[in-house]
Amino acid sequence: MAKRFFDNESFAWKPFGYVADVLLLSLIWVVCSVPVVTAGAASCAVYDTTVHGLRRGEPDMYARYKRTFKTELKTGIFSTLLWGTVIALFVLLCKALGAFAPDGRNSLVLEGAAVCVLALITGMILWSFSLQSRFSTAFGALQLNAARIALAHPLRTLAAGAAVLASAFITVRLVAPVIFLPGLVGVWCSFMFEPVIEKLK
């Protein structure tokens, strides 16, 4: 009985292995994202590894991460630059409009609307990286497909985008959660996106 309990393949130990994999995936994502422009490729690799390794239990998940990261690096860099520019322009636009925004309740409504749009854009980015990890598509078609699918599934897109924004907000203030949030976001996005992606195959 005791021998079965301490077997790392036993049911009792599987949750610990799952948590350890989420932590390790998060740390690998952080290391691979240090140059910033490689964050897209790192996100592609996290999504692909989460789906195949964590959720489907396929072997050699970290070899898969490395392979996906290297394969998607070039396209991931271009995607990161493109969407990073979109986010930066949107933030600048919000700041410019904020100078003319009325005080009080109307200002809160506008801020809420801006956060929703930012979550939608962030969700589109996540669709782009998720699709990139699963399909071989030309760069322009990839981005158009990501935007089209994101708008066709707004609730899934907003749920994924909001998770990233919340994770970024928490990490900026506490830092330490970065050791597990990227992996958790990858798992969350896989539950949001996979039902749609499976139908595209």
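The values are calculated or read from the model by the stated rules, or taken from the named source; none is laboratory data. No experiment lies behind these values; they were computed from the predicted model shown. Methodologically, a virtual Cβ is constructed for each residue, glycine included, from the backbone with ideal geometry; neighbour enumeration extends over all protein chains shown.
Some points to look at:
- Test: residue in region 58-77 that is exposed (fewer than 15 other Cβ atoms within 10 Å of the Cβ) and within 17 Å of Leu131 (Cβ to Cβ): yes
- All positions within region 1-51 that are of a type in the set (Gly, Ala, Ser) and at pLDDT below 95: Ala2, Ser10, Ala12, Gly17, Ala20
- Residue check for Ser130: small (Gly, Ala, Ser) and either touching a residue at least 60 places away in the same chain (Cβ under 8 Å) or in contact with a strand residue (DSSP E or B) (Cβ under 7 Å, 6 or more places away or on another chain) (or both): yes
- Residue check for Ala20: under 17 Å from Ser128 (Cα atoms), in a helix (DSSP H, G or I) and hydrophobic (A, V, I, L, M, F, W, C): no
- Number of positions in region 37-68 that are under 14 Å from the mean Cα position of the chain (by Cα) and assigned to a helix (DSSP H, G or I): 13
- Matching residues in region 40-87 - criterion: being within 17 Å of Phe139 (Cα to Cα) and acidic (Asp, Glu): Glu72
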